[in-house]
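Participant: Here it is: the structure, laid out below.
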Amino acid sequence: MLVILSGVSGAGKDTIKKELMKRMDNVITLPSFTSRQIRQGETEGVQYHFISKEEFEEKIKKGDFYEYDVHHGNYYGTSRELMNEKLSQGKIIVKDIEVNGTENLLKLLKNDTRIVTIFLKVEKEELKRRLIERGDNIQDIEVRLGRLDYEESKINLYDYVLKNDEFEKIVQIIMTIIENEKRIEDSLKEGALK
Ligand code: 5GP
């Protein structure tokens, strides 16, 4: 099962993802590839696989990605091979992708993979505060705030839209969603086997 977490950069997706992995068995994440610079506190292979623009373009040519997109001048993409490997192991993959990537993955995978989509909504002022706290520079902040309206215009792609105000509450809600969706997936599989 694939769980997609979206919401503008700075909405807290990464922190939530880490917490889910800590608290739930069988939940993993799948780092995307990106050509952006590594940020302070990030580790190669954890948040992303960091590669150069040229390496990324080579991978595009080889068809290595299920989908890829450009944000703020950098490439981001989902590895076909890594995704298939983890799905075939029965893992619950929690992936943090923005709305265009979600739209593409839904089109490509919906027929043979159970996909649950969750959108984390955050108020503009709150988002600005978080980005400043994270140490983003003012230009990046403006770009990311500008992206908020676009992302929210795609909200009807999502099964669940949650207001990300209280961390503990949101983690509990997402854990409940994942448990319920997993139960549904398992019972559908059992039904198919009968
Ligand atoms: P950041 O640079 O803040 O880590 O991420 C910027 C944006 O890229 C975020 O909205 C994030 O969800 C998106 N992103 C991360 N990985 C992927 C991916 O594999 N594909 C697509 N389309 N977007 C991604």
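Taken together, the values in this text are just the output of simple stated rules run on the coordinates, not laboratory data. Just so we're clear, the structure is a prediction, and the values are computed from it rather than from any experiment. For neighbour counting, all protein chains shown are included, and Cβ atoms are generated from backbone atoms with ideal geometry for every residue, glycine included.
Participant: Residue-wise, which Karplus ³J(HN,Hα) couplings in Hz belong to the range 140-151, taking 6.51 cos²θ - 1.76 cosθ + 1.60, θ = phi - 60°, and x for glycine or proline?
Facilitator: 4, 4, 4, 4, 5, 5, x, 6, 4, 5, 4, 4
Participant: Go through Tyr48, Val70, Ser187 and say which Cα lies farthest out towards the positive end of the charge dipole of the chain; charges sit on Cβ, +1 for Lys and Arg, -1 for Asp and Glu.
Facilitator: It is Ser187.
Participant: Follow-up question, since we're still on this one. Mind listing the phi-derived Karplus ³J(HN,Hα) values for the range 109-125, rounded to whole Hz, using 6.51, -1.76 and 1.60 with θ = phi - 60°, and x for any glycine or proline?
Facilitator: After applying 6.51 cos²θ - 1.76 cosθ + 1.60, I find 10, 3, 5, 10, 10, 7, 10, 10, 10, 10, 10, 9, 9, 9, 5, 4, 5 Hz.
Participant: Starting with the fewest neighbours, write out Tyr68, Tyr160 ranked by other beta-carbon atoms found within 10 Å of each beta-carbon.
Facilitator: With the sparsest Cβ surroundings first, the list reads Tyr160, Tyr68.
Participant: Next question. What size of dipole, in debye to the nearest 20, comes out for the range 85-185 about its Cα centre when the only charges are +1 on Lys and Arg C-beta atoms and -1 on Asp and Glu C-beta atoms?
Facilitator: About 280 debye.
Participant: Charges only on Cβ, +1 for Lys and Arg, -1 for Asp and Glu: so what's the dipole of the chain about the Cα centre, in debye to the nearest 20?
Facilitator: Magnitude of the dipole: close to 320 debye.
Participant: Could you name the lysines in cross-link range of Lys121, using Cα to Cα under 27 Å and dropping any fewer than eight places away on the same chain?
Facilitator: Lys13, Lys17, Lys18, Lys22, Lys91, Lys95, Lys107, Lys110, Lys154, Lys163, Lys169, Lys182
Participant: Once amide H atoms are placed 1.01 Å from N in the peptide plane, what residues at a sequence separation of 5 or more from Val3, or on another chain, have their amide H within under 5 Å of its amide H?
Facilitator: Here Ile93, Val94, Lys95, Val116 satisfy the definition.
Participant: Along the charge dipole of the chain, pointing to its positive end and built from +1/-1 on Cβ of Lys, Arg, Asp and Glu, which listed residue (Gln172, Gly90, Gln139) has its Cα farthest out?
Facilitator: Sorting the options by dipole projection puts first Gly90.
Participant: Which lysines have a Cα lying under 19 Å from the Cα of Lys61, excluding residues fewer than 8 positions away in the same chain?
Facilitator: Hits, sequence-local ones excluded: Lys53.
Participant: Could you list Arg114, Arg23 in order of exposure, starting from the residue whose Cβ has the fewest other Cβ atoms within 10 Å?
Facilitator: Details: Arg114 18, Arg23 11.
Going from least to most buried by this count: Arg23, Arg114.
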